[in-house]
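The values are calculated or read from the model by the stated rules, or taken from the named source; none is laboratory data. Quantities reported herein were computed from a predicted structural model and do not represent experimental measurements. Every residue, glycine among them, receives a Cβ derived from its backbone with ideal geometry; neighbour counts consider all protein chains shown. For accessibility, only protein heavy atoms count, side chains too; no ligands or nucleic acids. Shrake-Rupley method; radii C 1.70, N 1.55, O 1.52, S 1.80 Å.
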Amino acid sequence: MPIDQAEVSQLTARFSEALQAGQIRLAEKQLGCLSDILAEAIADDELSIQRLLKSTLNEAHIVFSRQTIPTPGTSIAPGDALMLGTISALGGVANSGVRNQRMKEFSSAGRDAFAFTVLQEVGRSSGPVSNHDIAKTLEVYAKDLRPTLSHLQDAGLVRVTPSAVSSQYTVSRRGLSALQNGSVPVEVATADTPGEDDKPLLGMRR
């Protein structure tokens with residue numbers, strides 16, 4: 001039976017209100033309920049519920065962190081530290097759940113469909129875009145993009161500029177043609193000598 005999103009929204013709202021009001025015991029009980037719902041949402045591939053919980057927990061962590069900042073010469077109360085750690089841990093679980101679910105959906109659509117989606121994200125940028133920015137937009141892990149970005153680079157659809165922090169990608173003329181055609185040409189082989197069509201296009205994206 002699908003999880004009732006309206007009920008989850010009400011519960012997350014009550015949790016946030018209790019946390020902001022300093023009603024820690026009440027917030028702890030509601031957090032336990034959210035934990036159970038999150039486990040169920042991940043098991044049932046309920047992406048919208050996972051997103052809702054991820055957003056709620058991330059915001060709660062920010063709010064509670066501000067509320068529990070120790071004054072000079074003091075330290076955070078053990079109970080508050082435990083609550084903050086629990087919120088952070090559940091937020092991490094929700095984040096992983098969303099990213100894994102998104103990758104599962106992309107994988108089920110097929111490699112070439114995912115490659116085209118990634119190419120679209122590169123093409124949407126007004127300049128070079130990093131693999132981490134693409135991953136954030138698509139809600140997947142950057143490591144899961146590596147095979148696809150390598151495929152696009154080998155096919156001459158994107159150009160890459162290595163960086164110590166993260167690689168930067170731009171769409172090539174061949175990639176622009178693929179975007180206009182609405183698909184990735186899987187038969188395209190890596191060119192031994194890049195020609196004019198392989199040069200990156202700057203200022204031609206949205």
- Query: What number of residues in segment 109-168 are of a type in the set (Lys, Arg) and surrounded by 19 or more Cβ atoms within 10 Å (Cβ to Cβ)?
  - Reply: 1
- Item | Of the criteria (1) open to solvent by less than 60 Å² (accessible area, probe 1.4 Å); (2) assigned to a loop (DSSP other than H, G, I, E, B), which one Pro70 fails | (1)
- Item | Answer residue from segment 174-197, given it is open to solvent by 90 Å² or more (accessible area, probe 1.4 Å) and within 28 Å of the chain's Cα centre (by Cα) and is modelled with the lowest pLDDT among those | Asn181
- Among the residues of segment 14-27, which ones are among the small types (Gly, Ala, Ser) and within 19 Å of Ala39 (Cα to Cα)? Ala27
- Message: Would you confirm whether or not segment 141-163 contains a residue that is part of a helix (DSSP H, G or I), free of Cβ contacts under 8 Å to residues at least 12 places away in the same chain and closer than 30 Å to Glu59 by Cα?
- Response: yes
- Note on the structure: The number of residues in segment 95-108 that are exposed (fewer than 14 other Cβ atoms within 10 Å of the Cβ) and among the aromatic types (Phe, Trp, Tyr) is 0
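This table checks each residue for (1) assigned to a loop (DSSP other than H, G, I, E, B); (2) not basic (Lys, Arg).
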position	(1), (2)
Arg51	no, no
Ile76	yes, yes
Asp80	no, yes
Gly85	no, yes
- Identify all residues within segment 25-66 that are open to solvent by 40 Å² or more (accessible area, probe 1.4 Å), more than 23 Å from the chain's Cα centre (by Cα) and not acidic (Asp, Glu); write none if there are none. Arg25, Leu26, Lys29, Cys33, Arg66
